[in-house]
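To keep things clear, I will list the structure first and then write my remarks on it.
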Amino acid sequence: MPTIHDALAAIDERLFVDREPELVLFRDWLAQGTSGPAILALSGSGGMGKSTLLRAFRRIAEGQGWRVVSADGSAFEPTPEGLSRTITGAHDRDGADYLNEAPTVLLLDSFEKLGPLTHHLQEEFLPRLDQKVKVVISARRPLGPAWSAWQPVVRSIVLFGLEPEASSRYLHLRAIDPDVAAEITGAAGGIPLALSLAADMATQRGVREFPAAAEWHLAVRTLVEELLRDVGDLDLRILLEAAAVLREFDEELLAAVADKADITAAFAALCGLSFVRPAQHGLTLHDEVRRILIEDLRWRRPEHLIELRRRAWRHYRRRMRESPPQAWMIADELHLSGNDLVQAMLFQESETGIAWGERARPTDLH
């Protein structure tokens, strides 16, 4: 007789959209057996659907006859005993020995919580695993320098937001009215958690206008806290607010916008966040994360958002006075406007190609 767990699993599978490249990679990784990397490292910021993807991995592996064992790093004490107890379900069994008993896929979620276990994992636990044991780790950030020696046996996946087509497909599966779905797709920015929260609001509370609805502001606050769940340092959060108003940034610009003299430690921590990317002139936030942070600031602290933009504008002006203005400086200054038309024309990719920029000619002045 089907159980409640079976029903929930069926719903989860039905609502799973996109991520086909990741699923193909996972199937290939399993098929390689002992000849491929032993570890698959999945990373992505909060709300990007890592746990949902892990459940899809479980369905695939179990469908192929693998035994699957899951362990959530946020649900047990990060000690060797805690790890073994979570894997085996017993107090007196060794986790590595248990995994070696059969072809097994071990899914380690919230791997960032297992930092205290790094030495144990590298020196004792993982080296003891048989080649028929495959390990998937999921964390907010890619593996750091402490794991550099393990890179030859690691295959990595970095998870980003959904494409608009996939977002629309998910909302269709949730039976959301097409007009409302278009509102949600624009407001959620492809972040799976945002899509799920918005779809719940539409089906359970009848919300039809996004992002103007008061309920959506609270949903965005929930999403921001999920994105920044592991960012407890106040200075780092201040830098993230400053970074959200900027298209690209370096340490000097971020210090000016945050209005802080010394941000060395916080900036170093910022560089390690999963949604911070290298850019042509420094670093940049992932577009979807920036959008959510700006929306939250616009609702909670609108005057502060204006002040952040003013500081950035003053810094750009000073830079352009001290050295010849460059095109990227002018573009970054335009980005500060926050104007939807400017953003759409100059800073968002367009499939139709109806907006472009080119150098002005003398005749254009008339």
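The values are calculated or read from the model by the stated rules, or taken from the named source; none is laboratory data. Fair warning: this is a prediction, and the values are worked out from it, not measured in the lab. All Cβ positions, even for glycine, are placed from backbone atoms using ideal geometry, and neighbour counts span all protein chains on display. The accessibility values were calculated without ligands, DNA or RNA, using every heavy atom of the protein model including side chains. Shrake-Rupley method; radii C 1.70, N 1.55, O 1.52, S 1.80 Å.
Observations, loosely collected:
- Residues of segment 169-183 include none that is hydroxyl-bearing (Ser, Thr, Tyr) and either free of Cβ contacts under 8 Å to residues at least 40 places away in the same chain or in a loop (DSSP other than H, G, I, E, B) (or both).
- From 28, 18, residue being in contact with an Asp or Glu (Cβ under 8 Å, 6 or more places away or on another chain) and either at pLDDT 75 or above or on the phi > 0 side of the Ramachandran plot (or both): 18
- Residue check, residue 195 surrounded by 22 or more Cβ atoms within 10 Å (Cβ to Cβ) and either outside any helix (DSSP H, G or I) or of a type in the set (S, T, N, Q) (or both): no
- Selected residue (only one of 226, 183, 248 is under 21 Å from residue 163 (Cα atoms) and either within 19 Å of the chain's Cα centre (by Cα) or open to solvent by less than 60 Å² (accessible area, probe 1.4 Å) (or both)): 226
- Scanning segment 65-116 for residues that are acidic (Asp, Glu) and outside any loop (DSSP other than H, G, I, E, B) gives 72, 81, 97, 109, 112.
- Of the residues 266, 279, 242, the single one that is open to solvent by 20 Å² or more (accessible area, probe 1.4 Å) and small (Gly, Ala, Ser) is 279.
- Qualifying residue in segment 83-103 (condition: under 22 Å from residue 192 (Cα atoms), open to solvent by 20 Å² or more (accessible area, probe 1.4 Å) and either in contact (Cβ under 8 Å) with a residue 60 or more places away in the chain or of a type in the set (D, E, K, R) (or both)): no
- Filtering segment 108-132 to residues that are touching an Asp or Glu at 6+ places or on another chain (Cβ under 9 Å) and open to solvent by less than 40 Å² (accessible area, probe 1.4 Å) leaves 108, 109, 110.
- Top-ranked residue in segment 210-220 [being open to solvent by 60 Å² or more (accessible area, probe 1.4 Å) and modelled with pLDDT of 75 or more; ranked as farthest from residue 268 (Cα to Cα)]: 215
- Search result, residues across segment 184-234 that are within 16 Å of residue 47 (Cβ to Cβ) and without any contact (Cβ under 8 Å) to a residue 24 or more places away in the chain: 185, 188, 196, 198, 200, 201, 218, 225
- Matching residues in segment 133-157 - criterion: being of a type in the set (A, V, I, L, M, F, W, C) and surrounded by 14 or more Cβ atoms within 10 Å (Cβ to Cβ): 133, 135, 136, 137, 139, 143, 147, 150, 154, 157
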